[in-house]
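Asker: Following this message is one structure expressed as structure tokens.
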Amino acid sequence: MNKRLCVFLAVLFIFSFTCSVMAEEPSAGAKVVDLFLVRPISLVGATISTGAYLVMSVPLAIMGGAETVSTIMVDAPWRFTNQRYLGDFSNYKDNGSITGERCGPYNHGYRE
């Protein structure tokens, strides 16, 4: 059963990327993979990264690099986990980069 699930998810993952390249709206496969595979893994990674930042925050504040490291270790993972449309791996809801800075006009037409 577990082997079948892995094969199914692998086929779904490959199919979702081939379909999403052809269409503007993310495919149903990309949304399913994002919801059940990518987002839970991103949630775990963001939690671990935030915990590691909390451990390192005092020495970083003394050295003066806390803000830059917080952007990389806290903001970016949580932004990737929560600030994307379902199935859309490269664009964010506010059309900014992973660090939250605006990268220029993104006009995809399907989310305005």
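Read the figures in this text as sums done on the coordinates, not as results from a lab. Remember, predicted model here, so these are calculated numbers, not experimental data. Here Cβ is always computed from backbone atoms with ideal geometry, including for glycine, and neighbour counts include all displayed protein chains.
Asker: Determine, from the Cβ-Cβ distance of residue 86 and residue 56 and an R0 of 30 Å, the FRET efficiency 1/(1 + (r/R0)^6), rounded to the nearest 0.05.
Answerer: The pair residue 86/residue 56 has a calculated efficiency of 0.40.
Asker: Treat the count of other C-beta atoms within 10 Å as a stand-in for reagent exposure and order 56, 73, 63 from fewest to most. Write down the numbers at each step before the final one.
Answerer: Numbers: 56 16, 73 21, 63 10.
Ranking 56, 73, 63 by Cβ neighbours within 10 Å, fewest first, gives 63, 56, 73.
Asker: Follow-up question, since we're still on this one. With label points built 7 Å along Cα→Cβ from the Cα atoms of residue 66 and residue 4, find their separation and express it in nm.
Answerer: With each label placed 7 Å out from Cα toward Cβ, I get 5.4 nm.
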